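Before any comments, here is the structure.
Readers should treat all values here as calculations from the given coordinates under stated rules, not as data from a laboratory. In this text the structure is predicted, and so the values were computed from the model without any measurement. Reconstructed Cβ throughout: ideal geometry from the backbone, glycine too, with neighbour counts over all protein chains shown.
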Amino acid sequence: TQQTVTQGTQQTVTQGTQQTVTQGTQQTVTQAPQTQATQTQGTQQTQTQAAQTTPDVPTSPAPVVSTDTTPMEGTTTVTTMASADSTTPPSIADVKDYADALGKSILFYDAQRSGKLPADNPIPWRGDSALDDCVVGGWYDAGDHVKFALPFGATTHLLLWGLQDFKDGYEKAGNLDQAYDMVKWATDYMLNAWDPNTQELVAQIGDGNADHSFWGRAEDMTMARPCSKLGPGKPGSDVAGEWAASLAAASLVFRDKGDTAYADQLLTAAKQVYDFAKANPGTYTN
């Protein structure tokens, strides 16, 4: 005779028979029409004379059990542990396609492109936009259509260091050329936004309030897009410092790629912007 009761409600101790204790689920199973007297600690349990199964007891799979001896002499408790037919779940490496995820992350930045899009634009539902900006190109920011220099520089900086340090990962994923193309869209904009002759750096294009009032595509914008610049007497060493670091990192990436002329151009701009930041201390927001 086998009986199953809920631990915590009442514990049944059978003398000479096997008992199964299940934590949290009440089951009562009698497998033979025999009467077996059971005795609880402080509670008398009635005899069962017929086979019965409660409605919520699963009939399969059979449980895997482990036994241990309770402090009461002569009593054995069998505790349900797991299903006998349970299988080991697949490892993360078996179900995650990191090459696909990396490729899609690159496409995300391609979808944020502003300006005149190239013929090989990989995002078919995007078109040319903001062609009258004081500096055409770059990426839109944070889901809106403003171009802010500080987060732009920080994002580009991180992407470039990732490409520099984990180039082999991009190669194994088959995404190295796409990664170079993605970051070059940003660094081209940064070079164009810096004027070494006037010592001016474009820090923002667009008005946040006007932009956030427009719920439409970048291709359909009609609002004015003012241009804010750093320069002598208009400091922004936070922005300029971030851009100097980004341009310097870009010079390493493209020199490693073999594009030495472009790497030299980036390094020259990085030094110029760094000198500007040192000569014009202060934050852009002030």
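Quick check for the range 173-286: number of Lys pairs with alpha-carbon distance under 25 Å, counting only pairs 8 or more apart or on different chains?
8
Just want to confirm a number: the relative contact order over the range 205-282, from Cα pairs under 8 angstrom separated by 6+ residues, in percent.
34
Using a Förster distance of 35 Å, how high is the FRET efficiency between LYS116 and ASP168, based on the Cβ-Cβ distance and rounded to 0.05?
So, using R0 = 35 Å, E works out to roughly 0.55.
With an 8 Å Cα cut-off and a minimum separation of 6 or more residues, compute the relative contact order for the range 111-245 in percent.
29
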